[in-house]
Every structure is written in C-alpha cells, then in structure tokens.
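The values are calculated or read from the model by the stated rules, or taken from the named source; none is laboratory data. Keep in mind that this is a model prediction, so the values were computed, not measured. Neighbour counts run over all protein chains shown; Cβ positions are idealised from the backbone, glycine included.
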Amino acid sequence: MPPSIVFDSRPPSGDGGPMRRGEDETTTGRGHGRRRRGMAVVVVLALVLAVGTGWWWQDRRSSAAAVGAAQEHAEQVAQDLAAGRPPSLDGAPSEGKMGEVLEGMGEIAHTVTAGEVSLDDDARRGTVTFEHAWRIHEDKQPWTYETTLAVRRDGERWSGTWEPGLLAPDLEAGEGLQARRLSAERGEVLGDGGRALVADRAVVRVGVDRSQTSSLGQARRSAREVAELVDVEVGPFVDAVEAAGPQAFVEAIVLRAQAPELDEVSRGIAEIPGARGVEDTMPLAPTSTFARAVLGSVGPATAEQVEGSKGAIRAGDVVGTSGLQLAQDDRLRGTAGYVVEAVDLEGSAKPRELRSVPAVDGRSVRTTLSRTHQEQAEAVLEDVAPESAVVAIRPSDGHVLAAASGPGSEGTSTATLGQYAPGSTFKTVTALALLRSGITPQTRVPCTTTTTVEGRSFTNYDDYPSSATGDVPFATAFASSCNTALISQRDRLGDGALDEAAEALGLTLDPSLGVPAELGDVPDPKADVDLAAATIGQGTVLSTPMGMATVAASVAKGAAVSPVLVLDGGSRRPASPARPLTAAESEQLRSLMRGVVTDGSARFLADVPGGPVGAKTGTAEYGTDEPPRTHAWMIGTQGDLAVAVFVADGPGGASTAGPVLEDYLRRLQR
C-alpha cells in the first residue's frame, strides 16, 4: 500500500492559537509569511505522495509478474512429471534415466496438479505443492499424495532443484517406482456335505520372468513366443507382460505336473529368453476331466472379459472361462490388491513398500456334487464313443450328485445342456397323464404290432416280446414299453395334459441349478399325429439327461423335484407345478417303474445289490437314415437315488444305456 498521509487541522504548537477577534493578518505582517510556508509544505507532501505511490504500483506489478511466472513454471513441472518427462529443474535426470525410474509403473495413469505458488516477501523464493494421483487399479481409489518443490528466481527465470522425493514421498536417489498386482486367492469349489472337491496338487506355472529379459522389447517378443507355445491368447498375455514391473513373473498357463504336454513345453521355454516354468502347488480336481463340463475351467482373462469388467479384471488375471467357474466368477475371483515399491535400480537392495492395498480373497462356492458319484459316473462313460451322459440326483433334497458327460461330448455338458427326444423314458410322463384320465395299472389296453395315425405308421422296437402283445394290462404295456398301446390311449388326453403331467414331474419347471442348464420342453401337439408321437417321447418333445433324471427323482420323492447343483451365489427359488403330484399317483408310478425291472425290459437290474430298483428304458429315433438311427436312454431309481443315462447313438435303451446304468449302480455298492 502507499504510505499513509494524515492531515491534522490543529495549528503548530507555539504559534499562539487561534486569531483574536479584530486581528488582521495583513496588518500584523506575519500572516503572509505563514501562507507561503504552508503552500510549500503542501507541494512537498504532494511530491512525496506521488513518488511513493509510483513505487508501490511498480512493486506490485513486479510481484504479480513473479507469481505468474513461478506458477507457469510449476505447472510445466507438473505436466512433465505426469508425462514421465524430466522436468526443467537443476539436477533432473536424463530422459533415459527418468524412463528407468518409472519403468516399473508400466502404463498406469499418473496425474499431477500444481497448487498455488507461495512466495517470500521479496518474491524471489517460494514453494509449490503438487498433488499426485496414480490410478493403480480402475475399481479402487487412486494412490494419492503430495510433494513440494522449493523454487527460486534468477533474473526472469524460475527454477528449482530435482529431488527424487518430488516424484513420490520417500523415494531416494538410485531408486525407481514399481507397482505389483496382488492376486486374490480364488475361492474353493466344495462338494456334497461341504467337502472340498479339490486338493493341492503339483503344477508348473509357465510364463515370462521380466527380470530375465534384457529389455521391454525382448519381454514383448518372449511373451508372444510363450503364448503361442502354450496356446493362450497372444494379445492379452503380451499386454500383461508389458504392464508388469521389471522384476515381475507373469504367468501364461498352469499345467499339472503329470500333464503329457509338459515335456514339450519345457523344451520350448528353454529356447525363449526370460521364459520359465515355476514348480508350485494349487487346488485342483482329482483329474483334468472331473466334472469339467459343469464346473468349467479357469485361465487368463480374454480381451472381451477385460473390456467388459470396468477395470475389475486386467490382462493376465486368472478368471473363470466356462461352466460354474464362469457363472460364479464374481464370487470365486475375489478382488485383487496392489503394492507400490521403491526398487533399487542396481538390484542390490530389497524393494521398499511405499503403498499397498491388500487383496480380498474369493469366497467358496458350495455345490452338491459327490466326488464318489461323479468319479463313478465318469468311469462308466470312459469307453462310450458317442456323446453321452450320466446324471444322478438325490430325490429327498434335489441335490445333483453327478453330472458327467462322456469323452464323446468333447467338452460340452451333454448332461445339463444336451436336448434330445427322450423316447420311451417319457412314457413315465404319459403314464401320469393317463392315470389322471382314469386309467389304472390294471386297465387293459391294446398292444398291436403297428398302428397308423394320419398316414404315419408307428411300431414297437424290433425284439418286442410277442407275449406282451394283444389286450394287456396297462402295467404290462408300460413294463415292456409298448408304443402302440400308449398311442391308442391318446384320445384320453385333453389339451395340455402331457405338459401338465411333465410339469408335475419337474420336467418343464424352470431349472434353478446355479449353472447353465436346461430340463425339458413339451410343446402342445398341433395335430393328432403329433400327439401320437409325443406320447412315446418323439416328435417335438425334448429333454436333457438332467431333465429325465428329474422325472425319475420326482417319482421317487412323490413330489416335483427342482434339481440344484450350486448352493451359493444366487440360485433362483424353484417354481411349483400348477397341479402337483399326489401320493397315490406317485405310488402308482413307482409300481409301474418297478414292474419294468421285475417283468419288463430291464430285468437285468433285478439282482443289483442295494435295494429294489425301478427303471424305464427308452429308444428315440432321429435323423433321416433308413432305418433311422436311435438315441439310447435309461432312467432308474434305487432308494434315495435317481439316475438318467443317455447315449447319443445306440441300438436301444436296454442294450446300450442299460449296461451303463447297471455298472454305475453296482459301482456305488462296492
């Protein structure tokens, strides 16, 4: 501010005070002299005021210019730090050295904001505070901190002195920054009774060790070669290696120690700079095929998974890629953490932690699968060449104990997703619809050799027993699987009768397994011939092996069963049928299925140990060959167990699927 000038209205002391009345300055001779002196004082004060005010404005303009220049300098430093460039400071590292300091941060976004410069009174020295933010992980709060820089003016130029602590607090000379991702432990998949389906088994982790590569370019080339060697997506793995720190090991794939391809992979990585195989253990199922089509598998995230995760998944993360592992990935994967370290650029000292956010391990997922049932189901399918499946359900609680798909399914979950015409196993549904129409097991029905509906001829299977033809009890027709007998009763079935019966046995209810699955479909017949085909499980009627196992389980329980495989992670509430199964109906169905074993097409099951067995065989035509090719089916019940067996191509249910069911039931009794 300009100097304060105070004007005082009082006369100077010793000058006599105010004039007396009648006294005239002009007559005394003193007034004129005082007037000249007063004018001189005013002129001097005005000059002083003008000069002082000019100095003040000039000084203010100079200070404002200094602040502006200092602020401009600070903002340029902030831009350089954010871009990873050496700032214009005394002693700043070279561009190459700055790159070494920041190499361990990869492509992590770094923003730097310069605060207001605070200058000393002489506007020649001051300090500025920088606010830093590193977006280490997209779905976490950024790493934020402040650093300060002392600035000074040399003529018109502002500068400062580089200190490593300007980049990050506590960073020292000769050190660089490195960010490492802290992987979360993936949650376990548990089986029936909460027992782990997996155990720690020896594995080899194959990947690229950045510390063993000569440059970032070499690391990229090695990553590409390793990805091609072990057949993982090249792009995401190269990105993961590029983004990792200079000391990081980036995993491409995990192989079991007994994997047949491990020898070839080991020879390959020996020729690739930085490629390594690291021995370790990890929780694994007993075999590489154990329930794999249902449980799925894990592996490096695809580009699509990374892009769709909104930052939760990064290139190189291990995620579920199929089946339950994919469906329950959010629960199983957990949340990754990170650590930022100060690393000795010469490699002679251990890294120092500057910042860390711990990983949150994934949660377990409980399933209903029984290791014993699943292993035995896979064993009985081991030599079955076509697509095949065995599904086992515990009727009392609907728990799926086994959902095995054979090697012919080539990784597809035939057990839960393969929909086919169920053939005569569907006669269990037709039987319920006919019982509701008034038929009893003793009602006599005509079992003829052939029958024709709207020009289409229907016959029984080739070796149908002649002793079971003619007018026979409905129980006999069911036990021997007489197609023509059931077709002859189609007029008893009103609109929606088959679908209503299928719903009562759980076949057309919405599945709530917790993994991708289908049960069955029973469309309304559009013509009489369609209804005839539907009564014997042909035409437009479809079911999965899981669907027909559900029918058998509902008969055994006496109520619609809603199969469940996953007990955690948001399985839907099971639906209820519009017309539930009654106790009398279920008792009659159990009697009919028992008759198939005692007097019908499944007599080979009569001596299976472990209690009475109920069953129904099934053969379903498909394709355009003449004669048509056939699917082979079998469903069975024994105690608190219901089983469905399916083989995509075979001469008949009893001859193809029957031995598989028998073998399975006998194995469980050993």
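Test residue 642 against the stated conditions and say whether it is under 28 Å from residue 372 (Cβ atoms), among the hydrophobic types (A, V, I, L, M, F, W, C) and out of contact with any Gly (no Cβ under 8 Å at 6 or more places or on another chain). Give the steps one after another, and end with the answer.
Values: under 28 Å from residue 372 (Cβ atoms): yes; among the hydrophobic types (A, V, I, L, M, F, W, C): yes; out of contact with any Gly (no Cβ under 8 Å at 6 or more places or on another chain): no.
Spelling it out, it is not the case that residue 642 is under 28 Å from residue 372 (Cβ atoms), among the hydrophobic types (A, V, I, L, M, F, W, C) and out of contact with any Gly (no Cβ under 8 Å at 6 or more places or on another chain).
For the stretch 428-448, which positions are in a helix (DSSP H, G or I) and within 18 Å of residue 483 (Cβ to Cβ)? Walk me through it before giving the result.
Taking the stretch 428-448 first, the residues in a helix (DSSP H, G or I) are 428-437.
If the condition is that a residue be in a helix (DSSP H, G or I) and within 18 Å of residue 483 (Cβ to Cβ), then 428, 429, 430, 431, 432, 433, 434 are the ones that fit.
Between 520, 537, 547, which is out of contact with any helix residue (DSSP H, G or I) (no Cβ under 7 Å at 6 or more places or on another chain) and surrounded by 23 or more Cβ atoms within 10 Å (Cβ to Cβ)?
On the way: 520 fails: out of contact with any helix residue (DSSP H, G or I) (no Cβ under 7 Å at 6 or more places or on another chain); 537 fails: out of contact with any helix residue (DSSP H, G or I) (no Cβ under 7 Å at 6 or more places or on another chain).
Result of the check over 520, 537, 547: 547.
Of (1) farther than 29 Å from residue 332 by Cβ; (2) in a helix (DSSP H, G or I), residue 265 satisfies all except one. Which?
Answer for residue 265: the failing condition is (1).
Across the stretch 231-264, which residue is surrounded by the fewest Cβ atoms within 10 Å (Cβ to Cβ) among those that are among the hydrophobic types (A, V, I, L, M, F, W, C) and more than 16 Å from residue 209 (Cα to Cα)? Give the derivation first.
We begin by selecting, within the stretch 231-264, every residue among the hydrophobic types (A, V, I, L, M, F, W, C); these are 232, 234, 237-238, 240-241, 243-244, 248-250, 252-255, 257, 259, 262.
If we keep only those that are more than 16 Å from residue 209 (Cα to Cα) too, we end up with 232, 234, 255, 257, 259, 262.
Details: 232: 17, 234: 15, 255: 18, 257: 12, 259: 14, 262: 16.
Taking the candidates together, the pick is 257.
Exactly one condition in (1) surrounded by fewer than 21 Cβ atoms within 10 Å (Cβ to Cβ); (2) modelled with pLDDT under 95; (3) of a type in the set (Val, Ile, Thr) is not met by residue 161; state its number.
(2)
Got a sec? Which helices (runs of 4 or more DSSP H) wholly within the stretch 325-424 have at least 1 residues that are charged (D, E, K, R), in contact with a Ser or Thr (Cβ under 8 Å, 6 or more places away or on another chain) and at pLDDT 95 or above? Don't jump to the end; show me each part of the working.
Working: elements: 329-333, 371-381, 414-417.
So the answer is 371-381.
Six or more apart or on different chains, Cβ atoms under 7 Å: show the pairs whose first residue is in the stretch 449-475 and loosely packed, with under 10 Cβ neighbours inside 10 Å and whose second is part of a strand (DSSP E or B) and of a type outside the set (A, V, I, L, M).
Pairs that qualify, where the first residue is loosely packed, with under 10 Cβ neighbours inside 10 Å and the partner is part of a strand (DSSP E or B) and of a type outside the set (A, V, I, L, M), are 457/450.
The conditions are (1) touching a strand residue (DSSP E or B) at 6+ places or on another chain (Cβ under 8 Å); (2) modelled with pLDDT under 90, and residue 309 fails exactly one of them. Which is it?
Condition not satisfied by residue 309: (1).
This table checks each residue for (1) outside the structural domain of residue 389 (by TED's automatic domain parsing); (2) in contact (Cβ under 8 Å) with a residue 60 or more places away in the chain; (3) of a type in the set (A, V, I, L, M).
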{"position": "289", "(1), (2), (3)": "yes, yes, no"}
{"position": "293", "(1), (2), (3)": "yes, yes, yes"}
{"position": "300", "(1), (2), (3)": "yes, yes, no"}
{"position": "305", "(1), (2), (3)": "yes, no, no"}
{"position": "310", "(1), (2), (3)": "yes, yes, no"}
{"position": "316", "(1), (2), (3)": "yes, yes, no"}
{"position": "320", "(1), (2), (3)": "yes, no, no"}
{"position": "329", "(1), (2), (3)": "yes, no, no"}
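Is it the case that residue 440 is in the same structural domain as residue 577 (by TED's automatic domain parsing), surrounded by 14 or more Cβ atoms within 10 Å (Cβ to Cβ) and out of contact with any Asp or Glu (no Cβ under 8 Å at 6 or more places or on another chain)? If you could, list the steps in order and put the result at the bottom.
Values: in the same structural domain as residue 577 (by TED's automatic domain parsing): yes; surrounded by 14 or more Cβ atoms within 10 Å (Cβ to Cβ): no; out of contact with any Asp or Glu (no Cβ under 8 Å at 6 or more places or on another chain): yes.
When the stated conditions are applied, residue 440 does not pass them.
Test of understanding: among 109, 64, 50, which residue is farther than 19 Å from residue 162 by Cα, loosely packed, with under 14 Cβ neighbours inside 10 Å and at pLDDT 90 or above? Walk me through how you get there before you give the answer.
On the way: 64 fails: at pLDDT 90 or above; 50 fails: at pLDDT 90 or above.
Testing whether each residue is farther than 19 Å from residue 162 by Cα, loosely packed, with under 14 Cβ neighbours inside 10 Å and at pLDDT 90 or above leaves just 109.
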